[in-house]
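The values are calculated or read from the model by the stated rules, or taken from the named source; none is laboratory data. Nothing here was measured: the structure is a model prediction, and the numbers come from that model. Here Cβ is always computed from backbone atoms with ideal geometry, including for glycine, and neighbour counts include all displayed protein chains.
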């Protein structure tokens, strides 16, 4: 045990020594400019927290319902304001989120069980606002955590559709909280940051049309997982 602790201590000491000798890129990045701008590219999965109604146990046709996300992408403009040595305030506005949810119903028919899929496409204009806590800088990189809130408006929502085809409609407005973490790499001319983030919606976005497809659902709240890459200068 003592040998392991000695090795860990020596490795940490050597790492710190090597980092101190590393030529730092973008020295004074936070101190020289209090506001930085950049852009975000991301890959998202528009998941959902689904609450099933007890009616699903009494219906003769629908046996189960599930919501599956499809891969989408994000685009956003970053404004980062430095509040102190380790704190930033950041907003990514405008943020465009393109994605899709597939409602899968297991249905009983005269021919047996089959899966019926109903697609719900979304294009959100979102306004996330976050606080970012940064670790100490080690050479040309550091870690960080984020937390905050978001407000989203679905620009292609089927809320007001007049289609004769039965669809699962979602409300336009959504809001909730966000948490995430990432790494910042200081390159020669800009800062590059990979990040993982979860967005948890607090609003029930399902519109109940009093159809078999919506009567079996009590509520639907967004739950989005995003892997993104940011570039700041």
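The set of residues in region 47-65 being assigned to a loop (DSSP other than H, G, I, E, B) and free of Cβ contacts under 8 Å to residues at least 60 places away in the same chain consists of 58, 60. Here is the figure for region 189-219: residues that are in a loop (DSSP other than H, G, I, E, B) and on the phi < 0 side of the Ramachandran plot total 11.
One residue alone among 199, 209, 174, 154 is out of contact with any strand residue (DSSP E or B) (no Cβ under 9 Å at 6 or more places or on another chain) and within 21 Å of residue 121 (Cβ to Cβ), and that residue is 209.
To keep it simple, each residue is scored yes or no on (1) under 24 Å from residue 173 (Cβ atoms); (2) touching a residue at least 12 places away in the same chain (Cβ under 8 Å); (3) more than 19 Å from the chain's Cα centre (by Cα); (4) surrounded by fewer than 17 Cβ atoms within 10 Å (Cβ to Cβ).
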position	(1), (2), (3), (4)
86	no, yes, yes, yes
104	no, yes, yes, yes
115	no, no, yes, yes
125	yes, yes, no, yes
130	yes, yes, no, no
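Applying the condition of being surrounded by 10 or more Cβ atoms within 10 Å (Cβ to Cβ) and not in a helix (DSSP H, G or I) to region 1-26 and asking which residue is modelled with the lowest pLDDT yields 22. May I ask you to verify whether residue 78 is in contact (Cβ under 8 Å) with a residue 40 or more places away in the chain, touching a strand residue (DSSP E or B) at 6+ places or on another chain (Cβ under 9 Å) and surrounded by fewer than 19 Cβ atoms within 10 Å (Cβ to Cβ)? Yes; evaluated as a whole, the condition is true for this residue.
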